[in-house]
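One structure, pasted below without further comment.
The values are calculated or read from the model by the stated rules, or taken from the named source; none is laboratory data. Just so it is clear, the model here is predicted, and its values are computed rather than measured. When we count neighbours, we look across all protein chains shown, and the Cβ atoms used for this are built from the backbone with ideal geometry, even at glycine. The area values use the complete protein model at the heavy-atom level, side chains included, leaving out ligands, DNA and RNA. Shrake-Rupley method; radii C 1.70, N 1.55, O 1.52, S 1.80 Å.
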Amino acid sequence: MPRVRGVERGSVEPAIEKAFQAQEKKWRTVLAPYPVYARRPTIFKAVQSMWIGLAQSGLVDHALVALVNRRVASLNGCVF
């Protein structure tokens, strides 16, 4: 249970709503920390940019990134 509540879905700017919709399409839900990040759009965009940059860098194979994400989620007790 997060200590900080996420943003109300109807109050987010269009770019954030689009990101939420993309997560729902890929994962069937909005990933837990993102509504909290969305409380501050600049933070949301920075986190999103970080993941986009990592994906586009080509430094880590895409399949390995998915495995690392799941392992980190597991270590943090996050159901993925």
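What relative contact order, as a whole-number percentage, does the chain give when Cα pairs under 8 Å and 6 or more residues apart are counted?
24 percent
Accessible area per residue, 1.4 Å probe, Å², for the chain: what's the number?
82 Å²
What is the spin-label model distance, in nm, from ARG39 to VAL68 if the labels are put 7 Å beyond Cα along the C-beta direction?
So the two model labels end up 2.8 nm from each other.
Let me ask you something else. Restricting to DSSP H runs of at least four residues, report the calculated mean residue ellipticity at 222 nm for the chain, -39500 (n - 2.57) per run over all residues, nearest 500 deg cm²/dmol.
About -19500 deg cm²/dmol.
At 1.4 Å probe size, with the rest of the protein present, what percent of the exposed accessible area of the chain is carbon and sulfur atoms? Don't jump to the answer; show the numbers that get you there.
Details: 3890 of 6570 Å².
Within the chain, the accessible surface is 59 percent carbon and sulfur.
Here are several values of log10 I(q)/I(0) by the Debye sum over Cα atoms at q = 0.15, 0.16, 0.18 Å⁻¹: (1) -0.60, -0.69, -0.87; (2) -0.78, -0.82, -0.88; (3) -0.77, -0.85, -0.99. Which one was derived from the coordinates shown?
Checking each listed value against the structure points to (1).
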